Amino acid sequence: MSKSYEYVICGGGTVGCVLASRLSQAGHNVLVVEAGAEDYSDQIMSPVAAPHLHGTDVEYNLTTTKQPGLGDRSVPNYGGKLLSGSSGINYGLWTRGHSVDYDSWAKVVGDERWNYANMLKFFKRTQTHHDPTGSPDKYGFSGPISTTAAARLYPLREQIRQAMSAAGLEYNPDTNGGNPLGFGAFTENWKNARRQPASQAYDLSKATVLTNAVVARVDVDDTKTATGITLTDGTQYTATREVLVTCGALKTPQLLMLSGIGPQEHLARHNIPTIADLPVGENYHDKISATFFWKLRHPENGYALGSPLFNKPEFRHGNPIEWVATVPTPHAELLQAAQQDQLDPEDPYLQEPRGNVEVMVAYAAMAGGGSQFRVPMDGNHISSPVVLLLPTSRGRITLASTDPTADPVLDPHYLDTETDRAAIRAGMRVALRVMETESAQAVVGGETPPPGHAPLTSACSDADLDRRVQIVGSSFFQNGGTAAMGTVVDTQCRVKGVRNLRVCDASVLPVPLAGHYQAPMYAFGEAVAEMLLA
Ligand SMILES: Cc1cc2nc3c(=O)[nH]c(=O)nc-3n(C[C@H](O)[C@H](O)[C@H](O)COP(=O)(O)OP(=O)(O)OC[C@H]3O[C@@H](n4cnc5c(N)ncnc54)[C@H](O)[C@@H]3O)c2cc1C
């Protein structure tokens, strides 16, 4: 095996595979180094297996520090640890977010290449859209990743659709076309009931792929030029063009800091000489969820996962969810909260209706990973997960030790801001309103609250909602921002003050996007590949 490559990619995850494929297919000599294994067994590929991967060795099984916003609980947070990264273990939701999120990203970093109009061609490049009548102005039809939308007909489809409408949500036939507001079909990227891991969807046949190999540090010479990498076993590889760090938002800051790139004062505490004093690990955001459980009036009809009647083979082709709503925080509540947080009135976050929260109805008792309260998955309940999509709270990732295989310290500062608390409350009230409609009431008998608590209604107080979040709030595993564009990297993802080194993963997001991050990361990977090949 050669010890020298034009590009050395640290991390064979979602973006790592896109870059390795595009660069190697264009004739470049590329090495990808991935900490995990290559695994396409049923436990990885089956949609129903995804929730059972937590705690296994194909994931980083991390835990946050105690979060005051979640009642001082530590909650689990995960990342994929295998070739394909988190695309190899995620739940398969496919969401682009809102065009204004990308416009806001471009504005924050002062480079229009990241606005939605410019990102659109990369979204198209990565996708084979499920609806052949979809607009070619919005969607791609020959990309590596195929999508599906509301493809399975579940028994409660019509009732829940009507409930969402009756709750005042507007039907949006095109939630992935740049504006997700309203409610629409739940879109996924399971294909024929199988996962499409990045390492299979993107052709890696011309790249050299090294699995089960952990990068211990990026090697940087005296002229502050990245020259290659060193693995934990001491093996070194040289990069004649560039080192690309794509270890994901949780592990990239760790690798950078271990390489001497990070906050000087923190590095000094670990006796790491500083090469570039940059706010690595700062600006960390993650998205939390809070879930309600609804007792079915007639579980014997087989409406939910766990019931022996809820067993049509096609129900195993993806998540038991058909409709998803994306909603803004009501403007008056948003402005009041923002004032309390002393947000700049010019902040793009306050300018237009944004996709602050997501509300789903799942035909399963889907509890968040860190929830202190859950009900059995026995077909008696459905649930409404509510996800805070655009957190304004920012946390920090730091080193626990200088061991590259140790877990970093995650402190996401969940719900630190009143703006975030107002947003999750608004989403929870929408979820409650949906279930208070006549169509929903025909099928659910009421909310099942945690023991000792009363069921909530949309008329309940802010304090009631806050108390509930403290019990059920959990990570939804959408980590980003920890090597942010504008502060740690420039608008071409180049690490400031170090030559030949880029960060290319969810770490660079300067602001959150109103969706889940795989679709944005595929498009981002395509954008970076085009930039490198220009
Ligand atoms: C449990 C879970 C469920 C999710 N569900 C969804 C969903 O349904 N829809 C959605 O849109 N998004 C979902 N996401 C989020 C989404 O998958 C990720 O945000 C996205 O894939 C991140 O891509 P990335 O390239 O930044 O990092 P990753 O894809 O995580 O890749 C990072 C890679 O780097 C490797 N690595 C790290 N450190 C080292 C090292 N030192 N040496 C070598 N290799 C290293 C890792 O092993 C990993 O393979 C989910 C995430 C998780 C964890």
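The values are calculated or read from the model by the stated rules, or taken from the named source; none is laboratory data. Everything quoted here is computed from the prediction, not taken from an experiment. Note that we place each Cβ from the backbone using ideal geometry, even for glycine, and neighbour counts take in every protein chain shown.
Flag: ALA117 does not match the condition of being free of Cβ contacts under 8 Å to residues at least 24 places away in the same chain, under 22 Å from GLY248 (Cα atoms) and away from the ligand (no atom under 12 Å from the Cβ). Taking the listed residues THR448, THR491, the one that is away from the ligand (no atom under 13 Å from the Cβ), modelled with pLDDT of 95 or more and touching a His at 6+ places or on another chain (Cβ under 7 Å) is THR448, with no other qualifying. When ASP72, ASP57, ASP111 are checked against the criterion of being within 23 Å of VAL528 (Cα to Cα) and surrounded by fewer than 18 Cβ atoms within 10 Å (Cβ to Cβ), a single residue qualifies: ASP111.
Residues considered: PRO155, PRO144. Of these, the only one that is touching a residue at least 24 places away in the same chain (Cβ under 8 Å), under 21 Å from the mean Cα position of the chain (by Cα) and away from the ligand (no atom under 13 Å from the Cβ) is PRO144.
For segment 328-346, filtered to residues that are in a loop (DSSP other than H, G, I, E, B) and of a type outside the set (D, E, K, R), the residue that is nearest to THR392 (Cα to Cα) is LEU343. I'd like to check something: does segment 123-146 contain any residue that is part of a strand (DSSP E or B), surrounded by fewer than 19 Cβ atoms within 10 Å (Cβ to Cβ), among the aromatic types (Phe, Trp, Tyr) and not assigned by TED's automatic domain parsing to the domain that holds GLU438? Yes, segment 123-146 contains at least one residue that is part of a strand (DSSP E or B), surrounded by fewer than 19 Cβ atoms within 10 Å (Cβ to Cβ), among the aromatic types (Phe, Trp, Tyr) and not assigned by TED's automatic domain parsing to the domain that holds GLU438.
Within segment 409-442, being surrounded by fewer than 22 Cβ atoms within 10 Å (Cβ to Cβ) and assigned to a loop (DSSP other than H, G, I, E, B) holds for HIS413, ASP416, THR417, THR437, ALA442. If I filter segment 12-53 down to residues being closer than 17 Å to ASN500 by Cα and among the small types (Gly, Ala, Ser), which single residue comes out as nearest to the ligand (Cβ to nearest atom)? Among those residues, the one meeting the criterion is GLY16. Considering segment 164-199, and only residues there that are surrounded by fewer than 22 Cβ atoms within 10 Å (Cβ to Cβ) and of a type in the set (Asp, Glu), the residue that is nearest to PRO313 (Cα to Cα) turns out to be ASP174. Within the span defined as segment 517-529, one or more residues are of a type in the set (Gly, Ala, Ser), under 26 Å from GLY85 (Cα atoms), more than 16 Å from the chain's Cα centre (by Cα) and in a helix (DSSP H, G or I). Looking at this structure, is LEU267 of a type outside the set (Asp, Glu), in a strand (DSSP E or B) and either crowded, with 19+ Cβ neighbours inside 10 Å or within 14 Å of the ligand (Cβ to nearest atom) (or both)? It is false that LEU267 is of a type outside the set (Asp, Glu), in a strand (DSSP E or B) and either crowded, with 19+ Cβ neighbours inside 10 Å or within 14 Å of the ligand (Cβ to nearest atom) (or both). Only a single item in (1) within 16 Å of the ligand (Cβ to nearest atom); (2) crowded, with 23+ Cβ neighbours inside 10 Å; (3) touching a residue at least 24 places away in the same chain (Cβ under 8 Å) is not met by PRO510, and it is number (2). Residues that are more than 7 Å from the ligand (Cβ to nearest atom) and out of contact with any helix residue (DSSP H, G or I) (no Cβ under 6 Å at 6 or more places or on another chain) were ranked within segment 71-87; the one that is farthest from TYR522 (Cα to Cα) is ASP72. The single condition among (1) more than 12 Å from the ligand (Cβ to nearest atom); (2) within 28 Å of VAL386 (Cα to Cα) that THR238 does not satisfy is (2). Every condition in (1) in contact with a Gly (Cβ under 8 Å, 6 or more places away or on another chain); (2) modelled with pLDDT under 95 holds for ARG73 except the one numbered (2). Annotation for segment 453-472: no member residue is out of contact with any Phe, Trp or Tyr (no Cβ under 7 Å at 6 or more places or on another chain), within 16 Å of the ligand (Cβ to nearest atom) and within 26 Å of THR392 (Cβ to Cβ).
Looking across THR437, THR405, one residue alone is in contact (Cβ under 8 Å) with a residue 60 or more places away in the chain and either farther than 22 Å from ALA364 by Cα or acidic (Asp, Glu) (or both). It is THR405.
Residues are listed down the side, and each one gets a yes or a no for (1) farther than 15 Å from ALA249 by Cα; (2) out of contact with any Ser or Thr (no Cβ under 8 Å at 6 or more places or on another chain); (3) buried (at least 24 other Cβ atoms within 10 Å of the Cβ):
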position: GLU6; (1), (2), (3): yes, no, no
position: GLN25; (1), (2), (3): yes, yes, no
position: SER46; (1), (2), (3): yes, yes, no
position: HIS52; (1), (2), (3): yes, yes, no
position: LEU83; (1), (2), (3): yes, no, yes
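Condition first: at negative phi and among the small types (Gly, Ala, Ser). Now tell me which residues in segment 486-514 satisfy that.
Of everything in segment 486-514, those that are at negative phi and among the small types (Gly, Ala, Ser) turn out to be ALA506, SER507, ALA514.
Residues in segment 205-222 that are in a loop (DSSP other than H, G, I, E, B) and away from the ligand (no atom under 13 Å from the Cβ) were compared, and the one that is farthest from ARG241 (Cα to Cα) is SER205. Does LYS295 fit the bill of being of a type in the set (Lys, Arg) and either outside the structural domain of THR417 (by TED's automatic domain parsing) or buried (at least 24 other Cβ atoms within 10 Å of the Cβ) (or both)? So LYS295 does not fit the description; no.
Annotation note: Cβ proximity below 8 Å between a residue of segment 90-113 that is without any contact (Cβ under 8 Å) to a residue 24 or more places away in the chain and a residue that is within 16 Å of the ligand (Cβ to nearest atom) and assigned to a helix (DSSP H, G or I) (sequence gap 6+ or interchain) occurs for ALA106/TRP114.
Return yes when THR230 is within 16 Å of the ligand (Cβ to nearest atom), among the polar types (S, T, N, Q) and surrounded by fewer than 19 Cβ atoms within 10 Å (Cβ to Cβ) and no when it is not. For THR230, the condition - within 16 Å of the ligand (Cβ to nearest atom), among the polar types (S, T, N, Q) and surrounded by fewer than 19 Cβ atoms within 10 Å (Cβ to Cβ) - is met.
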